[in-house]
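The block underneath contains the structure these notes are about, expressed in structure tokens.
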Amino acid sequence: MASAAHEVFAEHLGVIQALRDNYARTEDANAVAGLVRSQQEVAAACSQREDQVKETIKELTNRVRKAGRDATYPAPEDAHQQQVQELNAAALEARENVDSLNSQLHALHQQREGIKGQVAQLQQKADHIEQIVTEAEPRTRHQLSLYAHVSKITWLFEQRSRVAGTVSNPLRTFDFDPAAISDFEVTNALWELMGTDD
């Protein structure tokens, strides 16, 4: 019977430790917050870059139109040929700049969509974890309440690195260092405290 009780006790200790670890974890929340900030920063950068690209395209378009108009003006044969070459080179450069800006804009859009996907996945994971915690918490609270009633133990969870608490009827305190003694010794000591009525 003591062996079965020891297994139940060890199982409850494992549940308590898992709950404590679960509530202490903030990686998912921090990751979600970081990705949300990144999404906002990328969205702002995309918006700013889009405005810059629009202005640049407008300016380059005006330059190309002006170049086209200038190319139709009468001029000496040699000067006209040179001007046409310069204007063609300027138009080519403008098209290359527009292509480069469009590529950058496309890359920013893809990056923003990727971050949106990551945020959605993390949100789903956070919702799933929240659902698990919500479903498990009442059952675990009931088990802990029943265990506390049977064992007469009140745990001091503030001391995360130690096994500490009190045993009632009569009131006795305990404080064990898991790094200094084995789980078996801790279990036996707790059994002795629970079995002592004087």
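The values are calculated or read from the model by the stated rules, or taken from the named source; none is laboratory data. Since the model is a prediction, treat every value here as computed from it, not as a measurement. Backbone-built Cβ (ideal geometry, glycine too); neighbour counts: all protein chains shown.
Points to keep in mind about this one:
- Residue selected from segment 108-143 under the condition of a type in the set (A, V, I, L, M) and exposed (fewer than 12 other Cβ atoms within 10 Å of the Cβ), by the criterion nearest to Thr56 (Cα to Cα): Ala120
- A single member of Ala179, Ala148 is closer than 24 Å to Gln17 by Cβ, in contact with a Ser or Thr (Cβ under 9 Å, 6 or more places away or on another chain), among the small types (Gly, Ala, Ser) and not in a helix (DSSP H, G or I), and it is Ala179.
- Residue within segment 154-166 that is out of contact with any strand residue (DSSP E or B) (no Cβ under 6 Å at 6 or more places or on another chain) and among the β-branched types (Val, Ile, Thr) present: no
- Listed by first and then second residue, the pairs with beta-carbon distance under 8 Å, at least 6 apart or on different chains, first residue in segment 95-122 and assigned to a helix (DSSP H, G or I), second surrounded by 11 or more Cβ atoms within 10 Å (Cβ to Cβ) and among the small types (Gly, Ala, Ser), are Leu108/Ala45; Arg112/Ala43; Ile115/Ser38; Leu122/Ala31.
- Unique match (being modelled with pLDDT under 90 and surrounded by fewer than 16 Cβ atoms within 10 Å (Cβ to Cβ)) among Ser182, Ser168: Ser168
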